[in-house]
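Presented below is the structure to which this report refers.
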């Protein structure tokens with residue numbers, strides 16, 4: 001402790017005053033940062049809210065936190081001019097300040113390139129580009145990687161590092177890196193294939209050999225799919241690009257196909273009437289696609305006369321589809337009841353012939 005007190009004795013009164021001034025400047029800019037955020041920034045944001053300029057409002061939001069850092073950097077730069085043991089003209093200090101401004105600019109651009117950013121949407125509207133929903137998060141991640149890479153190279157350059165030599169060094173080790181990162185590269189190009197071919201987009205219901213669910217996200221390495229059991233499945237892009245993908249969300253109509261078995265005892269006239277009435281039901285139903293409707297007496301089954309039904313619903317939505325299917329089933333039941341025709345149930349009849357059992361299948365009477 002005695003040694004420390006002796007150190008303080010070597011600090012002159014003027015230096016103590018300058019240190020106090022430097023600390024006061026830092027405190028003032030810290031307060032200014034809070035006041036700017038609370039009043040000025042709030043006022044500017046309200047102004048843009050009234051003018052409905054979404055882009056400028058989003059730029060403000062993106063640079064809100066970087067501006068906080070800007071006040072700290074400015075305060076630090078001014079405070080160092082008074083601090084007796086630091087020099088504003090020092091190359092290291094100038095590099096730190098320069099790097100800080102680079103970080104502030106990059107931070108704002110990084111925020112602007114988020115998936116929720118309006119920049120890509122506005123670019124799509126103004127330039128007439130067809131940017132798919134699934135392309136936006138992929139582009140966002142690519143832009144962010146580029147921003148980070150450029151920022152890192154600029155900071156290294158500001159500290160006097162030879163960035164070109166660094167890149168050349170990476171080139172020498174490129175082959176070894178490529179061999180070690182084969183899977184990463186395969187997944188990246190698999191993602192490119194998915195983006196360019198557009199077999200699905202965000203929110204689509206897809207089915208592959210390995211997974212079925214709704215697409216939530218796609219990145220450089222994998223695609224995230226939420227199953228109907230609410231589990232998240234991460235599928236490597238290289239795997240997904242090489243699998244058959246069924247996109248149920250792209251259906252223009254949805255198929256219903258089944259056999260309706262009636263009893264063998266049903267008279268021919270009643271069977272014809274049931275087939276005719278079910279066909280009319282489907283033709284006149286608002287939720288059934290009129291292009292393909294097949295209702296035919298198809299075959300003699302083991303224990304029933306089978307009527308084959310093949311048609312499509314206009315809706316492809318899961319819940320609506322089953323509502324239509326249920327409605328059709330109830331109306332078919334009404335037709336069968338009105339015509340006095342019963343649905344056949346599998347049954348087994350045993351005949352005794354000289355003490356030997358003979359088993360046959362027939363409809364239940």
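The values are calculated or read from the model by the stated rules, or taken from the named source; none is laboratory data. Bear in mind the structure is a predicted one, so any value in this text is a computation, not a measurement. Quick reminder, even Gly has a Cβ in these numbers, built from the backbone with ideal geometry, and neighbours come from all protein chains shown.
Quick check: anything in region 313-328 buried (at least 17 other Cβ atoms within 10 Å of the Cβ), out of contact with any helix residue (DSSP H, G or I) (no Cβ under 8 Å at 6 or more places or on another chain) and over 30 Å from residue 217 (Cα atoms)? Taking every residue of region 313-328 in turn, at least one turns out to be buried (at least 17 other Cβ atoms within 10 Å of the Cβ), out of contact with any helix residue (DSSP H, G or I) (no Cβ under 8 Å at 6 or more places or on another chain) and over 30 Å from residue 217 (Cα atoms).
It is to be established whether one or more residues within region 352-363 are at pLDDT below 95 and surrounded by 13 or more Cβ atoms within 10 Å (Cβ to Cβ).
Taking region 352-363 as the starting set, the residues that turn out to be at pLDDT below 95 are 352-363.
Narrowing the set further to residues that are surrounded by 13 or more Cβ atoms within 10 Å (Cβ to Cβ) leaves 362-363.
Checked against the condition, which is being at pLDDT below 95 and surrounded by 13 or more Cβ atoms within 10 Å (Cβ to Cβ), region 352-363 yields at least one hit.
Any residue in region 175-183 that is more than 21 Å from the chain's Cα centre (by Cα) and modelled with pLDDT of 80 or more? I'd like the intermediate steps shown before the answer.
If we filter region 175-183 for residues that are more than 21 Å from the chain's Cα centre (by Cα), which is where we start, we get 175-183.
If we keep only those that are modelled with pLDDT of 80 or more as well, we get none.
No, there is no match, as no residue in region 175-183 is more than 21 Å from the chain's Cα centre (by Cα) and modelled with pLDDT of 80 or more.
Checking each residue in region 284-324 for being part of a helix (DSSP H, G or I) and touching a strand residue (DSSP E or B) at 6+ places or on another chain (Cβ under 6 Å) picks out 321, 324. Picking from residues in region 249-264 that are loosely packed, with under 14 Cβ neighbours inside 10 Å and more than 14 Å from residue 298 (Cβ to Cβ), the one that is nearest to the chain's Cα centre (by Cα) is 250.
Test residue 237 against the criterion of being modelled with pLDDT under 90, in contact with a strand residue (DSSP E or B) (Cβ under 8 Å, 6 or more places away or on another chain) and crowded, with 16+ Cβ neighbours inside 10 Å, and give yes or no. So residue 237 fits the description; yes.
Looking across 301, 284, one residue alone is closer than 18 Å to residue 261 by Cβ and either out of contact with any helix residue (DSSP H, G or I) (no Cβ under 9 Å at 6 or more places or on another chain) or not assigned by TED's automatic domain parsing to the domain that holds residue 260 (or both). It is 301.
The residues listed here are 34, 38; of these, the one that is in a helix (DSSP H, G or I) and modelled with pLDDT under 70 is 38.
Considering every residue within region 257-273, establish whether at least one is touching a helix residue (DSSP H, G or I) at 6+ places or on another chain (Cβ under 6 Å) and farther than 23 Å from residue 339 by Cα. Working first, answer last.
Filtering region 257-273 down to residues touching a helix residue (DSSP H, G or I) at 6+ places or on another chain (Cβ under 6 Å) leaves 270, 273.
Right, trim to farther than 23 Å from residue 339 by Cα and you get none.
Within region 257-273, not a single residue is touching a helix residue (DSSP H, G or I) at 6+ places or on another chain (Cβ under 6 Å) and farther than 23 Å from residue 339 by Cα.
Can you name every residue in region 276-312 that is within 30 Å of residue 203 (Cα to Cα) and surrounded by 12 or more Cβ atoms within 10 Å (Cβ to Cβ)? Within region 276-312, 285, 287, 288, 289, 290, 310, 311, 312 meet the criteria. The conditions of being in contact (Cβ under 8 Å) with a residue 60 or more places away in the chain and assigned by TED's automatic domain parsing to the domain that holds residue 337 are not met by residue 201.
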